[in-house]
Amino acid sequence: MKAVVCALAMGLIIPTLAGAAIENIQVSNNNFVGVTISWTADSDVVGEVHYSQNADLSNPGTAYDVRGQFFTGCTHYVEITGLTKETAYYFEVVSGSETDDNGGNYYTFATMKQPQNPPLPCTLTGCVYEEDGTTLAVGAMVYLWLTHGGVQSYPLSDLLGRPGDATPGCFDFDINQARSTATDDLFPSIDPGDPLQVMVVDCGNYGAYADLIFDACFSNVGILTLASDADGDGIPDGQDNCPNHPNGPLAGTCTRGTVGTACTSNEACGIPGEASFCSISQEDTYPSQGNGIGDACDCESDFDCGGEVDADDVETFLVDFGRFEFNNPCVNGNQCHGDFTCDGDVDSDDVEKFLEDFGRFQFNNPCPPCEVGDWCVY
């Protein structure tokens, strides 16, 4: 039961505005006259979006959840229409008494180009169930990304159980409406074999995720089942190669630059003059063949697998430092501790990576379990 405190005024039930943490803000369904803004909250509250063409958010418009202005819930799905094509907009999100304005910088989106020859529909359907496998996940939000010719689309989205749904708990995407992030226009074609990503987000860090391959229009992808997503990155724990540190479509972790901090882009990890990288795609790049542990969790410098990167690991690193092509090179059967780039040398580039991990311990971004001898393959 939803615990909502209400007041009766002018014949309407007006929910009392309580605060609720705002998470998982997504911009989707980008087109030339509108966009969808969606997010989750940690309690049942009302939600709305304020938007404007002005960078200071002056003269804003207000848009409400598609389920009604006074809908209370922990998922929020707001469609904004009647916008000007190919125009930048700024927005903030409100949940109850809480406002997320991106630290005063406001979030942004831009409307797309108007298509000259709109394609015929090409639908993709499926259904989502709660963790029990029998209850349809009404209220969950589904996102889909298409990749064509190596270019990913802006996300499409659907709200399960939105007003007018003939089959609550099931989604229906017209993937011909996917817009290219390279051109801000519709893809010229969608071909069998094009990769698809489907992600489901629900309250309480529950979700589902699937990597699919487009086969044909008017196809059904089957059933997805919600599961726990402890780090809230959009990848359920059972599929997540780093379940306690976000490294998925919803949230990431810096693996270069400001290592260990939250991010959604490489720029967020930046240190002037240094390389930066935000892991948001389950990256598993060390050793070069991977080890099943996401880079966001992997402690490459924890040579003794003690759960920390400490003085013992410094000593081990120094033993191999200076090995290179003409001085006891790193090769199969005679591998090196600290060859983080798997290039056969232990050099200054590897020192930089070691220093990024140094100091990780039980109460400061601890290292996950590992096995001694997690070597590069040359």
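The values are calculated or read from the model by the stated rules, or taken from the named source; none is laboratory data. Here the structure is a predicted model, which means the values were calculated and not measured. All Cβ positions, even for glycine, are placed from backbone atoms using ideal geometry, and neighbour counts span all protein chains on display.
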| Failed condition for SER281, given (1) part of a loop (DSSP other than H, G, I, E, B); (2) touching an Asp or Glu at 6+ places or on another chain (Cβ under 8 Å); (3) hydroxyl-bearing (Ser, Thr, Tyr), with all others met? | (2)
| task | Test LEU212 against the stated conditions and say whether it is within 24 Å of LEU159 (Cα to Cα) and crowded, with 18+ Cβ neighbours inside 10 Å. | result | no
| request: Name every residue in the range 220-261 that is within 23 Å of ASN102 (Cβ to Cβ), out of contact with any strand residue (DSSP E or B) (no Cβ under 6 Å at 6 or more places or on another chain) and either basic (Lys, Arg) or at pLDDT 85 or above (or both), in order of residue number. | output: ASP231, GLY232, ASP233, GLY248, ALA251
| query | What number of residues within the range 146-183 are over 17 Å from ASP211 (Cβ atoms) and part of a loop (DSSP other than H, G, I, E, B)? | reply | 15
| query | Could you say whether any residue in the range 300-322 is outside the structural domain of MET199 (by TED's automatic domain parsing), within 30 Å of the chain's Cα centre (by Cα), surrounded by fewer than 20 Cβ atoms within 10 Å (Cβ to Cβ) and outside any helix (DSSP H, G or I)? | reply | yes
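Yes/no matrix, rows are residues, columns are (1) assigned by TED's automatic domain parsing to the domain that holds ARG179; (2) in contact (Cβ under 8 Å) with a residue 24 or more places away in the chain; (3) surrounded by 13 or more Cβ atoms within 10 Å (Cβ to Cβ):
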| position | (1), (2), (3) |
| --- | --- |
| GLU98 | no, yes, yes |
| VAL138 | yes, yes, yes |
| ASP158 | yes, no, yes |
| PRO163 | yes, yes, no |
| Residues in the range 204-212: is at least one of a type in the set (Ser, Thr, Tyr), more than 25 Å from MET112 (Cβ to Cβ), out of contact with any Asp or Glu (no Cβ under 7 Å at 6 or more places or on another chain) and part of a strand (DSSP E or B)? | yes
| said: Here are the criteria: (1) surrounded by fewer than 17 Cβ atoms within 10 Å (Cβ to Cβ); (2) small (Gly, Ala, Ser); (3) in contact (Cβ under 8 Å) with a residue 40 or more places away in the chain. Tell me which single one SER348 does not satisfy. | reply: (3)
